Each structure stands twice: as C-alpha cells, then as structure tokens.
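Below is one structure, written out as structure tokens; comments come after it.
The values are calculated or read from the model by the stated rules, or taken from the named source; none is laboratory data. All values reported here derive from a predicted model rather than from experimental measurement. Cβ placement follows ideal geometry from the backbone for every residue including glycine, while neighbour counts extend to all protein chains displayed.
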Amino acid sequence: MSSADRISAIKSSLRVIPNFPKPGIMFQDITTLLLDPKVFKDTVDLFIERYKNENISVVAGIEARGFLFGPSIALAIGAKFVPLRKPKKLPGEVISEKYILEYGSDCLEMHVGAVKSGDRALIVDDLIATGGTVCAAMNLVERAGAEVVECACVIEVPKLKGRERLKSCGIPLYALVES
Amino acid sequence: MSATNSDQSVTDDRVARIASSIRVIPDFPKPGIMFQDITTMLLDPVAFKDTIDLFVERYREKDISVVAGVEARGFIFGPPIALALGAKFVPIRKPNKLPGAVISEEYSLEYGTDKMEMHVGAVQTGERVLIIDDLIATGGTLAAAIKLLERVGANVVECACVIELADLKGRDHLGDKPVFVLVSST
C-alpha cells in the first residue's frame, strides 16, 4: 500500500472529541487507531521505514501516549527505548527539565545513564501541539550529550506552531497527519 | 531472582538475560520497597525483543483479539505484542485521561482507593483478551482490570507480566484467571 493510502486510512481512524479536557479543545483521540490492527501496524511501519537506515540508537518516548508508539519503533530498528516521564515515576537517579504550560509549569524526567554521549535519538509522541513538551524532551536528551535527529508524531496541530518551535531549536518534525 | 514460568518447567536462555537486565532500586517509592525497574531491560534491545517474543510465542495460536495494557508500563509491552498478534490494543487508564465515554472500576490500595477506566465500545462481548502489565504485586490492579473487561462481556484468557513478586501472592487475588510471568522475584 502506498504511503499516501496508508496515511489516509490513519487519518480516518482518528476520533475527535470536542471540549476535552476542557471547553474549546478538539481532542485528537488516537485510541481508535489502536483498535484497527492494520492501521496501527501501518502507523508504526511508516516510522520504521523512515528511520531504519538512520543509525538511530535511542527512541525516547514521552509518557504516556508516546509509550504506545515508541517501543515498537525501537524494537524494529534495534534501538534502546527510553521513557521520559512525569515527576517521581522513574526510580533511581534522574535529570529533570521544567517546561511552561498555558497555566503554570510541568516537569519531564529521564534516567541518568539511559542516554549517552554520541547516541542518535528520535523523540516520539502521539501528537505535537505547541511543542513545549517535545522541547523539554529534546533538552533532556541533549543534556545527556546525545543528538536529537528528529521528532516523530502521529498528529501535528499546525495552528499551534509546534513545528516552528522545534525548528528554532534545530529539530525537524515528522508527522503523519495534520489536524 | 529466579527465572521461572507459571505453569511449565520450560527454562529458556532468553529469560536469564531478561532477568539480569532488570534493576532493583531499594526504598522506592517508599522505604522498605525493593522496586523492580524494567527500564534497564528496555535499554538492551536483545532482552526487550526477547521479552516480547516470549509473550508472542505463547499467545500466537490462542486467538487473542484484544491486548489490554495497564497504564503506564503496560503501554510499553502491550502494543508490540498486539501488533505481532494482529490484535487490537486497548489502554486501561487512570481516571480522566481517556476522552469520551468510559467505564470505571474502583479498586483498593494499601491506603484508600484508586480507579481505572476503559473506553466504552473498545471491547466487544465474547472477545478473547490478554491483559498486560510489567509486574504483578498484590494483584489488585490486575483484578480490577479483569473485572472491567468481564463487565463488557469479554473473555479474559490470561494475564501476562514480565515480573511477579511471588511473596505478595498476587495470583491468589485473581481467582481462576491464570497469570503467566517470565521472571519470579522473591
């Protein structure tokens, strides 16, 4: 099946839930994609095809929906999978990166020693909005001395300009569908 | 830590590597708990692949149509297994994370209660389901997940975990539901 056909099916499999988690937000729900084994496989395959010859040594997945896609990609390309988590979930020694939300701030953590100098990393999440979370993820990986090759998402929300934000940090974005 | 299987005496070289790739962190999340950290296994592509392969080999002939993974570490193992089996993946989540209509199941913690949720319509009556989590401790989480799935009429075939904390006797909490684990820790 061509990329275009697969991407079209992926887009159709997504469900939009209005006013979640709060009024005015049109939430892009990927759980319906996961209920279609062929579409889910095509999603993962599109990423694998793109990255398998890029010498990626780390796939960093952002909790929790990045965990749904990242590990399968890591397994197929022979890379380590590194979970990036909300505070206090990872046991042992971590490094933290704070990032700004619309109201307030949050924090992302990564294990010390998971990513090493010289690693080539891919950051994976289900969706990129403003890019705040992805930038925090990128900072964690770069602080460990690795290079972030690209950020890969199923969905991009263009009006929130995440792509531009990543570009200003020197990171390209690859997204399968735009909302 | 010994490498054992719940219901057969198969020993597999792969299990030894998986067992030694898991890291124990003392006193996390609180004093007295020896936390079984699977993130170090995820840093070993051979051990991680072998983990998935061992589950897939067990379930590939069992007509599993749904793999249900418990947030968040069940999300790491469940999807690759689902993809290999050609099954749907259904996330079981903490409250207020899933958008749209959900069903909830409350369950007991050491102090207080928690809740888990699943989407309405994700699983149909009669579907054959595998529940995945990284670890079984007291069995409280898995027991709640089983209840949630049985409430929609699903047939929970088995629960599968990487690690079992044998001393906590989680199996006893799951009634007649079998549990398959790769690594048993005391």
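Here are the numbers for this structure:
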| item | result |
| --- | --- |
| Residue list for the range B:141-186, restricted to those being part of a loop (DSSP other than H, G, I, E, B) and crowded, with 19+ Cβ neighbours inside 10 Å | B:Ala154 |
| Whichever residue in the range A:1-16 is of a type in the set (D, E, K, R) and surrounded by fewer than 17 Cβ atoms within 10 Å (Cβ to Cβ) and, among such residues, is nearest to the other protein chains (Cβ to nearest Cβ) | A:Arg15 |
| The range A:78-95: number of residues that are of a type outside the set (A, V, I, L, M), over 16 Å from the mean Cα position of the chain (by Cα) and more than 7 Å from chain B (Cβ to nearest Cβ) | 4 |
| Filter pass, B:Ala101 being on the phi < 0 side of the Ramachandran plot, among the small types (Gly, Ala, Ser) and more than 14 Å from every other protein chain (Cβ to nearest Cβ) | no |
| From the options A:Pro87, A:Pro91, residue that is surrounded by fewer than 16 Cβ atoms within 10 Å (Cβ to Cβ) and over 16 Å from B:Pro91 (Cβ atoms) | A:Pro87 |
| Failed item in (1) within 18 Å of B:Gly100 (Cα to Cα); (2) out of contact with any Gly (no Cβ under 8 Å at 6 or more places or on another chain); (3) at the interface with chain B (Cβ under 9 Å from one of its Cβ atoms), with A:Leu75 passing the rest | (1) |
| All positions within the range A:96-112 that are assigned to a strand (DSSP E or B) and closer than 23 Å to A:Gly162 by Cβ | A:Ser96, A:Glu97, A:Lys98, A:Tyr99, A:Ile100, A:Ser105, A:Asp106, A:Cys107, A:Leu108, A:Glu109, A:Met110 |
| Residue satisfying all of: in the range A:96-119; away from chain B (no Cβ under 14 Å) and surrounded by 17 or more Cβ atoms within 10 Å (Cβ to Cβ); modelled with the lowest pLDDT among these | A:Tyr99 |
| Lone qualifier among A:Ile155, A:Ile171, A:Ile123 - being part of a loop (DSSP other than H, G, I, E, B) and of a type in the set (A, V, I, L, M, F, W, C) | A:Ile171 |
| All strands (runs of 3 or more DSSP E) inside the range B:27-104 with 3 or more residues being surrounded by fewer than 23 Cβ atoms within 10 Å (Cβ to Cβ) | B:34-37 |
| Long-range neighbours under 9 Å by Cβ, at least six apart or interchain, first residue within 24 Å of B:Leu42 (Cα to Cα) within the range B:150-164, second among the acidic types (Asp, Glu) | B:Cys159/B:Asp133; B:Ala160/B:Asp133; B:Cys161/B:Asp133; B:Cys161/B:Asp134; B:Val162/B:Asp133; B:Val162/B:Asp134; B:Ile163/B:Asp134 |
| Residues of the range A:42-61 that turn out to be over 19 Å from B:Asp44 (Cα atoms) and aliphatic (A, V, I, L, M), as a count | 2 |
| Looking only at the range B:20-49, and only at residues there that are of a type in the set (D, E, K, R) and closer than 15 Å to A:His111 by Cα, the one that is nearest to the other protein chains (Cβ to nearest Cβ) | B:Asp37 |
| The listed residue being without any contact (Cβ under 8 Å) to a residue 24 or more places away in the chain, charged (D, E, K, R) and in contact with a Ser or Thr (Cβ under 7 Å, 6 or more places away or on another chain), out of B:Asp133, B:Asp114, B:Asp167 | B:Asp167 |
| Complete set of residues in the range A:17-57 that are at the interface with another protein chain (Cβ under 9 Å from one of its Cβ atoms) and β-branched (Val, Ile, Thr) | A:Ile17, A:Thr31, A:Thr32, A:Val44 |
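Table: residues versus (1) in contact with a His (Cβ under 8 Å, 6 or more places away or on another chain); (2) touching a residue at least 60 places away in the same chain (Cβ under 8 Å).
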position: B:Phe55; (1), (2): no, yes
position: B:Ser65; (1), (2): no, yes
position: B:Ile76; (1), (2): no, no
position: B:Pro80; (1), (2): no, no
position: B:Lys94; (1), (2): no, no
position: B:Tyr107; (1), (2): no, no
position: B:His119; (1), (2): no, no
position: B:Gln124; (1), (2): no, no
position: B:Leu142; (1), (2): yes, yes
